[in-house]
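These notes concern the structure reproduced below.
The values are calculated or read from the model by the stated rules, or taken from the named source; none is laboratory data. Quick caveat: nothing in here was measured; it's all calculated off a predicted structure. Cβ sites come from the backbone with ideal geometry, for glycine too, and all protein chains shown count toward neighbours.
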């Protein structure tokens, strides 16, 4: 005897169920991708802000506690690109708008971006060392920037006040990311391109008063 009461899914029902399942999977995948982007964006921002804080603290402490003269940044060196200043016996040498890489620098990149070392005296041509060559740095030099970061801006100026010459303003701007992710003269990150989660910028400003004369 043939059982004519068997039940099952029709082709149309299976197609509808498969379509709904596919849509749910797509939505879940898009959500996971967005969460991943936010995660990597958070890491990029945190790392960039941390380096900006470390650089600011290092320079601030050198000015605050050195008890010696502080010079403002000037361009020095035969390459015409390196700049630098001194806070006591600490010398800060840097190059603007160059991405730090650990090997084979290309256009817009450098093996060194912002380094600090110790010197006996600092004035004129000794105010900075070239940071564009791999062998130009002293053995005591220490790189302050992180890989794939660039120094977008550095300003150190004395605050002009009556009978005061011990206060300075310092502004540091650091940008993390490849050149194709940057806009506005490599000062900010693009938001309309893939990979923007791997780009971030941080700027810190502080006022420093020398504690030791």
Q.
Scan the stretch 51-60 and tell me whether some residue there is closer than 30 Å to residue 208 by Cβ, without any contact (Cβ under 8 Å) to a residue 60 or more places away in the chain and assigned to a helix (DSSP H, G or I).
A. yes
Q) Out of all the residues in the stretch 94-116, which are out of contact with any strand residue (DSSP E or B) (no Cβ under 6 Å at 6 or more places or on another chain) and assigned to a strand (DSSP E or B)? A) 110
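Residue by residue, here is whether (1) surrounded by fewer than 15 Cβ atoms within 10 Å (Cβ to Cβ); (2) more than 23 Å from residue 177 (Cα to Cα); (3) touching a helix residue (DSSP H, G or I) at 6+ places or on another chain (Cβ under 8 Å); (4) in contact (Cβ under 8 Å) with a residue 40 or more places away in the chain holds:
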{"position": "27", "(1), (2), (3), (4)": "yes, yes, no, no"}
{"position": "34", "(1), (2), (3), (4)": "yes, no, no, no"}
{"position": "49", "(1), (2), (3), (4)": "no, no, no, yes"}
{"position": "64", "(1), (2), (3), (4)": "no, yes, no, yes"}
**Q.** First in the stretch 188-213 and in contact (Cβ under 8 Å) with a residue 24 or more places away in the chain and on the phi < 0 side of the Ramachandran plot, second anywhere and assigned to a loop (DSSP other than H, G, I, E, B) and surrounded by fewer than 15 Cβ atoms within 10 Å (Cβ to Cβ), Cβ under 6 Å, 6 or more apart
**A.** 212/67
Q. Can you find a residue in the stretch 85-102 that is modelled with pLDDT of 85 or more, within 14 Å of residue 147 (Cα to Cα) and surrounded by fewer than 18 Cβ atoms within 10 Å (Cβ to Cβ)?
A. yes
Q) Do you know which residues across the stretch 160-184 are farther than 20 Å from residue 41 by Cα and modelled with pLDDT of 90 or more? A) 167, 168, 169, 170, 171, 172
